[in-house]
Amino acid sequence: MSMSSIFSRPRLVVKKVLARAQNEGDGAIVRRSIGRPELQNLDPFLMLDEFSVSQPAGFPDHPHRGFETVTYMLQGAFTHQDFAGHKGTIRTGDVQWMTAGRGIVHSEMPAGPGTHKGLQLWINLSSKDKMIEPRYQELLHQDIPKAEKDGVSVTILAGESMGKRSQVFTRTPTMYLDFTLKPGSEHHQPIPETWNAFIYIVEGEGAFGSSDSTTTPAHHCLVLGPGEGLSVWNKSSKPLRFVLIAGQPINEPVVQYGPFVMNTKNEIMQAYQDYQLGKNGFERSRQWYSK
C-alpha cells in the first residue's frame, strides 16, 4: 500500500456531513446527505437519500418536474409505476435513471416483504432541458459494466473507471461509481477537473484524499475540493464500500419547491399550477392513481 496519492493535486475532503436517520411514514427510514440544511445542494446534485423501507411504507403517488432521479437498489426490490403507463421493478444492483423533464407522476413502493434498501440521487437539469419529454433508462445489474484490480472492484453506473465505460446517457454530464475496497487496498480515480464531486460511504470506513486523513465511517457524505482525482485507502480489517458521484455544474439559479426544481419562482408557481390543473405535461395526472 503506497501512502501517497498518484495525483499531483489530489481532491481533498472539504466538508463532512453525517446523514442522520429520519423516519418517513410507517416503516421508512431515510438518511439524507445532500439536501439537508448544512448541505443544501452541490451543483448539479440536489439530493441524495439512503432509504430503508418495509411494507406498508413506500413513496406513493407524487409528481416531479425539472430534474432527474436515479434509484440504485442495494437490497430487495422496488416497483415503480407512472401515469404514462410505465411500470417496472428494479432489484438488487439494478438502476433506474429517470428524466422527469416537464412532468411525471409516479409511485415507488417495495416489491414484497422484508427490508428494501437503496440510494436515490436527484440530478438537476439545465434550463434548456427542464421541460423535455420524460424518459427512462433502466439497467439490470448484469448489464452494468464492472471492473476489478488489486483488491478494488467497481460498478460503473455512469462515466468510466479502470478502462470500462457506462452506456448511460447523462444529459447533465455525471459520473456515478460504486466501489468496494478489500482491506489493505487503495484506489486513485481521475475526475474531470471542472466537476463537483462527493462520496457517500455505504459500509466500512476509509481514508479519503490523503492517506493520513482521519478515517470516516458509513453514512457520511464527503464533499471533495478541487484537483485531478480521488485517492482512497482502506486501512481497516473490513471491506469499504462507497459511491463516488461527480457532475458538471450547471451554474444556474436553483429554486425548489418540494418535487419541483426550476430556475425562477414564477416557473415554480407555474409548475404547481400545471400539476393542480393537469396541464403542460401533467395532463394525465388528474385521472391516474397507481394500482
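The values are calculated or read from the model by the stated rules, or taken from the named source; none is laboratory data. Model, not experiment: these values are computed from the prediction. Note: ideal-geometry Cβ built from the backbone for every residue, glycine included; neighbour counts use all protein chains shown. We work out accessible area using only protein heavy atoms, side chains counted, and drop any ligands, DNA or RNA first. Shrake-Rupley method; radii C 1.70, N 1.55, O 1.52, S 1.80 Å.
Quick rundown of the values:
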{"read-out": "Whole-number accessible area per residue in Å² for segment 171-270, which is evaluated in the context of all protein chains at 1.4 Å", "value": "39"}
{"read-out": "Net dipole in debye of the chain [+1 Lys, Arg Cβ; -1 Asp, Glu Cβ; about Cα centre; nearest 20]", "value": "100"}
{"read-out": "Violating pairs (Cα-Cα greater than 31 angstrom) within the set K87/K149; K117/K149; K16/K291; K117/K265; K146/K291; K87/K128", "value": "K87/K149; K16/K291; K117/K265; K146/K291"}
{"read-out": "Neighbour net charge for K238 - beta-carbon separation under 13 angstrom, K R +1, D E -1", "value": "+1"}
{"read-out": "Rg/Rh ratio calculated on Cα atoms of segment 1-124 (Kirkwood radius)", "value": "1.04"}
{"read-out": "Centre separation in Å (Cα based) which lies between segment 88-116 and segment 58-86", "value": "4"}
{"read-out": "Radius 11 Å from Cβ of S127, net charge of other residues (Lys, Arg +1; Asp, Glu -1)", "value": "-1"}
{"read-out": "Cα lying deepest toward the dipole's positive end in segment 1-76, options S54, L18, S8, charges on Cβ", "value": "S8"}
{"read-out": "Solvent-accessible surface ranking, highest first, for T180, T174, T92 at 1.4 angstrom", "value": "T92, T180, T174"}
{"read-out": "Solvent-free Debye scattering, log10 I(q)/I(0), computed from the Cα coordinates of segment 151-291 at q = 0.11, 0.13, 0.17, 0.21 Å⁻¹", "value": "-0.57, -0.71, -0.92, -1.18"}
{"read-out": "The chain - Kirkwood radius from inverse mean 1/r over Cα pairs (Å)", "value": "19.6"}
{"read-out": "Convex hull projection area averaged over all views, segment 144-225, Cα basis, nm²", "value": "5.8"}
{"read-out": "Cβ-based net charge around N41, under 15 Å, with every Lys or Arg adding one and every Asp or Glu removing one", "value": "-2"}
{"read-out": "Per residue, in Å², the accessible surface of segment 38-139 once ligands and nucleic acids are set aside, probe 1.4 Å", "value": "32"}
{"read-out": "Protein accessible area in the chain, 1.4 Å probe - carbon and sulfur %", "value": "51"}
{"read-out": "Rounded Å value of the spacing that divides the Cα centres of segment 140-169 and segment 250-291", "value": "34"}
{"read-out": "Amide H partners (placed H, <5 Å) of E108, local residues excluded", "value": "F59"}
{"read-out": "Listed peptides 104-117, 124-137 by packing density, highest first (mean Cβ within 10 Å)", "value": "104-117, 124-137"}
{"read-out": "The chain, relative contact order in percent, only Cα pairs under 8 angstrom and at least six apart counted", "value": "21"}
{"read-out": "Relative contact order (%) - segment 91-195, alpha-carbon pairs under 8 angstrom, separation at least six", "value": "25"}
{"read-out": "Ratio of the Cα radius of gyration of segment 248-291 to 2.2 N^0.38 Å, where N counts its residues", "value": "1.38"}
{"read-out": "Selection from G88, L157, V202 lying farthest towards where the dipole of the chain points positive, charges on Cβ", "value": "G88"}
{"read-out": "In Hz, Karplus ³J(HN,Hα) per residue of segment 77-88 (6.51, -1.76, 1.60; θ = phi - 60°; x = Gly, Pro)", "value": "8, 10, 9, 10, 9, 10, 6, 9, x, 7, 9, x"}
{"read-out": "Angle in degrees between helix 265-277 and the longest Cα principal axis of the chain, rounded to the nearest 10", "value": "50"}
{"read-out": "Positive-end residue, the chain charge dipole about Cα centroid, Cβ charges, pick of F260, T216, I245", "value": "F260"}
{"read-out": "Segment 176-291, relative contact order [Cα under 8 Å, separation at least 6], %", "value": "29"}
